[in-house]
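All of the numbers you see were taken from the coordinates with simple rules; none came from a lab. Remember, it's a predicted structure, so these values are computed and weren't measured experimentally. Cβ coordinates were reconstructed from backbone atoms using ideal geometry, including for glycine residues, and neighbour counts include every protein chain displayed.
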Protein chains: 2
Amino acid sequence: MEQSRKAFIQKAALGIAGTAAIPFFSKTAIAGNTSLKAGTALPVGIAGYTFAKFDVEKSIAMMKRLGIHNLSVKDFHLPLDSSAEKISTVLAQFAAAEIKVYTVGVIYMKTKEAVDTAFDYAKKVGVDMIVGVPNYDLLDYTEQKVKSTNIKIAIHNHGPEDLLYPGPAEVLDRIKSRDARMGLCMDIGHARRAGANLEKAIKESGNRLFDLHIKDVTATGKEGKAIEIGRGIIDFPAVVKALNNINYKGMCSIEYEKDMTDPLPGIAESIGFFKGVIVSNI
Amino acid sequence: MEQSRKAFIQKAALGIAGTAAIPFFSKTAIAGNTSLKAGTALPVGIAGYTFAKFDVEKSIAMMKRLGIHNLSVKDFHLPLDSSAEKISTVLAQFAAAEIKVYTVGVIYMKTKEAVDTAFDYAKKVGVDMIVGVPNYDLLDYTEQKVKSTNIKIAIHNHGPEDLLYPGPAEVLDRIKSRDARMGLCMDIGHARRAGANLEKAIKESGNRLFDLHIKDVTATGKEGKAIEIGRGIIDFPAVVKALNNINYKGMCSIEYEKDMTDPLPGIAESIGFFKGVIVSNI
């Protein structure tokens, strides 16, 4: 294939996988191209916790510079008790920057009321999925809410310190016989720290893998720290191949937790690396 | 292969290709590993022009943050008429930051005196290669200097505006029958703007390809502008595969020419992307 055309298709394709993913490449690069096949590449987003030290405006400015258009919004940018007006204002800010809020979370649910609050919030925000952490004894109730609202739950694993869901296995074991709208938001850094083999975990998750928090870590175990993607211990080509093998249709949201008061270069390097691996594995 | 070990080897290997390349991964990641095969991956550096708006200290600070240890030094950081003391001071600054100055340039040579100056300078700086642009009528003289000093010349192409060497072909045509120490520093962005097919150009350059300026561009032709690597028209997996195919042993120096007063996020994204492609093609 002619070189630039091949590159164009590779890259443009990255943006249109999944259903509602917004491309990370410029609109001009996508416009006019009618030969792209959907589902040929993984879409990239950002997990809101990355911007824990920044307000909505500054977070949007960074996302614009990074060319990223998909966000998992965190409560510090859009509190769970927000009024309808507040929600509409914040969503309008993101929309003006061509940023789609594709999910909410991570939301911890330790009581029935917290489950109710999370699903009401997701409905008001207009997303079809919550990234959340319901206590074990709330899984039955959470399943009822999934059925009654048609809003999915992607349960998030948080590493060896997490008493409920350290790795993906602890999530899958508890949801695999439940409603198909109950799944996993695999945090690959925490999963690796919890000792998971990521290729195996992705394969075993299959269509229960709804969302991803993509990061790299320095080591397995509790001592593992966040680091720029590509500088740590995770084998990203293997992760991307495994995602392609299960025909993953969700988002790959970068969650950068290093240099949190000055994260932009590290986020940029991380996104660049992950995109480079994606482009190489189409 | 066990996952983390495979990733470790992939990544560690990136740093040790070539002869004197310094890894872009941390020393701790490299230390203690004795099973790495040299020459299995491409080493990454930075072309000094990237830091045109910054002094040596600020440039070093950025390189440290980026984890890059190889620099093609530009005259604004180390002028051609520098005293021996100045050279030794600047080199010590880089060395203290574990940065190796592996070449000098781009140096334009429009007179015999300029050729003399460039080779004297390279010798004083202690590099074995100059990235330069000698006028056509100075190629014979440049070849004499290469022979008498054993310092290589890598001629740099500069795109459709360049009256001497717009693309790699214009360099190769003029050096292919000359001393084997005369070669090419292919600026892939300018080459693409000049209409070159990069895979073909890399293959044709073969062992005359001494150095690389790695960048992405928005379009072919004079209207093509610099952009973060991965966002433009260049097919980087194809470039990396072509480099692997010729068993390229030189440096891959990122040259970032966008946002030059605030380049760090763009450099970081560019380096991340290129590293992601390299890691995927070992």
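Residues in the stretch A:101-124 that are surrounded by fewer than 18 Cβ atoms within 10 Å (Cβ to Cβ) and not in a helix (DSSP H, G or I) were compared, and the one that is nearest to the chain's Cα centre (by Cα) is A:108. What do you reckon, is residue B:228 surrounded by 20 or more Cβ atoms within 10 Å (Cβ to Cβ) and either within 9 Å of another protein chain (Cβ to nearest Cβ) or of a type in the set (S, T, N, Q) (or both)? Here the answer is yes, as residue B:228 does meet what is asked. If you filter the stretch A:190-206 down to residues that are of a type outside the set (S, T, N, Q) and more than 17 Å from residue A:223 (Cα to Cα), you find that the one that is farthest from the other protein chains (Cβ to nearest Cβ) is A:206. On the stretch given as the stretch A:195-218, residues that are out of contact with any Lys or Arg (no Cβ under 8 Å at 6 or more places or on another chain), polar (S, T, N, Q) and over 24 Å from residue A:179 (Cα atoms) total 1. Residue count for the stretch B:232-247 satisfying the condition of being part of a loop (DSSP other than H, G, I, E, B), more than 7 Å from chain A (Cβ to nearest Cβ) and either among the basic types (Lys, Arg) or surrounded by fewer than 23 Cβ atoms within 10 Å (Cβ to Cβ) (or both): 2. Inspection of the stretch B:201-208 identifies at least one residue that is surrounded by fewer than 23 Cβ atoms within 10 Å (Cβ to Cβ), of a type in the set (D, E, K, R) and in contact with a Gly (Cβ under 7 Å, 6 or more places away or on another chain).
On the basis of being in contact (Cβ under 8 Å) with a residue 60 or more places away in the chain, more than 11 Å from chain B (Cβ to nearest Cβ) and closer than 19 Å to residue A:106 by Cβ, does residue A:250 make the cut? Considered against the rule, which asks whether it is in contact (Cβ under 8 Å) with a residue 60 or more places away in the chain, more than 11 Å from chain B (Cβ to nearest Cβ) and closer than 19 Å to residue A:106 by Cβ, residue A:250 comes out as yes. Residues in the stretch B:205-221: is at least one under 23 Å from residue B:50 (Cα atoms), over 16 Å from the mean Cα position of the chain (by Cα), touching a residue at least 40 places away in the same chain (Cβ under 8 Å) and part of a loop (DSSP other than H, G, I, E, B)? Checked against the condition, which is being under 23 Å from residue B:50 (Cα atoms), over 16 Å from the mean Cα position of the chain (by Cα), touching a residue at least 40 places away in the same chain (Cβ under 8 Å) and part of a loop (DSSP other than H, G, I, E, B), the stretch B:205-221 yields at least one hit. Out of everything in the stretch A:260-282 that is more than 7 Å from chain B (Cβ to nearest Cβ) and over 15 Å from residue B:269 (Cβ atoms), what residue ends up being surrounded by the most Cβ atoms within 10 Å (Cβ to Cβ)? Restricting to residues being more than 7 Å from chain B (Cβ to nearest Cβ) and over 15 Å from residue B:269 (Cβ atoms), the top hit is A:282. It is to be established whether one or more residues within the stretch A:169-181 are free of Cβ contacts under 8 Å to residues at least 24 places away in the same chain, buried (at least 24 other Cβ atoms within 10 Å of the Cβ) and closer than 23 Å to residue B:268 by Cα. No.
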